[in-house]
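This report concerns only the one structure given below.
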Amino acid sequence: MGSSSLQFGSESNGIQALGFAALLGFVYAFISRVLDLHFSYLHLPLVLGATTGICAIISGGLFKALSTRVGILYVGLTCWFAAGVPFAYWRGGSAGQVASWLRTLVIWAFLVGLTLTCRQCKLLLNTFFLAAATAALMALIGSGAEAQGRLSLERGELANANYFALELLIALPLAWRFYSGGGRPGVLRRVLAAGLGGLILLALFETGSRAGLYSLGVMVLLVVLRVDLARKILIALAVGVLFVSMFAVLPGSLRERYSTVSSMGARGDRSAAASVLERQRVLRQSISITLTHPIFGVGLGNFAPYVFQVNKDLGQAKEAWFGTHNTYTQMSCEAGIPALLIFLGIIVATWRSLTRLIRATRHDDRSEARDIYYTAQAVQVCLGSFLFCLAFIHLAYDILPHMLLGVALAFVFTGERELRDLDAQQLPPESGNYRGDREILFSGGSLAPQVSGTVRRGAAAWSITADGRRTA
């Protein structure tokens, strides 16, 4: 696994470049959902996805991604899903959900396996941001729908206001990434980033998603914890002004909805009260099912039909099929506690990899390293608020959570590679012992205690062994 991982940082070739270009198009189409409203007959996501897949297989990126430590966890999770099908309440539905999960798995692998440089990863992050801005513009200007005063798109995935809010939420830290541009961006780029970021924030508030609002609070908290006292005060003042301004322009129905944190607080809004009570009920049901089916759960996608049948057997009134409204209990009650533990292992491994990258660049004054540091901070803030929001929406097998995890891990891999190259450029070619000041080695997403590998500068080439000895 180690040797294949070391090849992640190799320069891209034509096949990989074509696959990455198709991947950018797929990500833009998936996040913006513009093709849900226009030109859907072209089936461009299918064409782009197929092109990406073919290139990922030919270039070897798919298999390299799956051979990393996190990739092995994903493969193990997939095997556990498949093993649970014979024990599912509705085997056919569970098998179908496992088949759908395979698409999510390969998209994660495409992101990790085809993104080989920091520049490519930053292009990917900018694509996320611009796609979310496109969706916000479509909703605010002409293609939005307002069910119960809540903003969403007319149809497609983003017709769900909560899902729409989640997608907008993860774009906000990336607005800063687009604004900074990794160097000295022009005035036009800064104005564009600030304007689009403001539109995304306005659209987020107009979705009426309380989970989105709470997650936005978590995002602000994560930022505050990372800055000095002076910036903490500035952020507190800015957030206060922002919230007052936003709430001033929102309709009364949304202001009342945002004021509901519990069923007691929702008395003035019957729909909000019903929503709060429903979420509490299905949360208790999902926990109960987890405890009675701890190994394989009731089967992927089987929570709603299982609960419906249980209520029917008990002679209770029929009700609509609801999801768990919680990704973590969705995973545990439908796939078992082992699946939840593997999923949490994927999250922890990705988070820790980002943390190691942040620590490795915190005191590095080189411009490239500072850019990596701030981008890693933005990605981690984005990931942290997203993971909090998953406690309010069930997306265990959906593409979006694993797409974000894939982008985060890809940035770790490419960031480590760039740092290793920067360190190598500072090494003199004479023989002797060497131990790097930053001591970074890209090895399957981990930071090892010293640099090793082949160093080239012009016609000269030498090797750095694992114990720090340089040989000509």
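Tell me the label-point distance for the pair Glu154, Ile54, using the 7 Å Cα-to-Cβ offset, in nm and rounded to one decimal.
About 3.3 nm, to one decimal.
Rank by packing, highest mean first: peptides 120-130, 207-217, 225-235, with packing defined as the count of other Cβ atoms within 10 Å averaged across residues.
So the peptides 120-130, 207-217, 225-235, ranked by packing, come out 207-217, 120-130, 225-235.
Before anything else, pin down the relative contact order of region 296-345: Cα pairs under 8 Å, at least 6 apart, normalised by residue count, whole percent.
48 percent
Which whole-Hz couplings ³J(HN,Hα) result when phi for each residue of region 210-221 is put into the Karplus expression 6.51 cos²θ - 1.76 cosθ + 1.60, θ = phi - 60°, listed in order with x for Gly and Pro?
These are the phi-based 3J(HN,Hα) values: 5, 4, x, 5, 4, 5, 5, x, 5, 4, 4, 4 Hz.
Roughly how many nanometres apart are two label points built 7 Å out from the Cα toward the Cβ at Arg366 and Leu341?
4.1 nm
What is the distance, in nm, between label points placed 7 Å from the Cα along the Cα-to-Cβ direction at Ile72 and at Arg359?
Taking the two extended label points, one gets 2.2 nm.
Arranged by the count of other C-beta atoms within 10 angstrom, fewest first, what order do Leu221, Leu419, Leu291 take?
Least to most surrounded, the residues fall as Leu291, Leu221, Leu419.
Looking at the square roots a ≥ b ≥ c of the eigenvalues of the Cα gyration tensor of region 98-176, which shape do they give, rounded for a/c under 1.5, prolate if a/b is larger than b/c, or oblate?
oblate
Quick one: if the Förster radius is 51 Å, what FRET efficiency do Leu42 and Leu229 give, using the C-beta to C-beta distance and rounding to 0.05?
0.45
Taken together, the values in this text are just the output of simple stated rules run on the coordinates, not laboratory data. What you are looking at is a predicted structure, and each value in this text was computed from that prediction instead of being measured. Methodologically, a virtual Cβ is constructed for each residue, glycine included, from the backbone with ideal geometry; neighbour enumeration extends over all protein chains shown.
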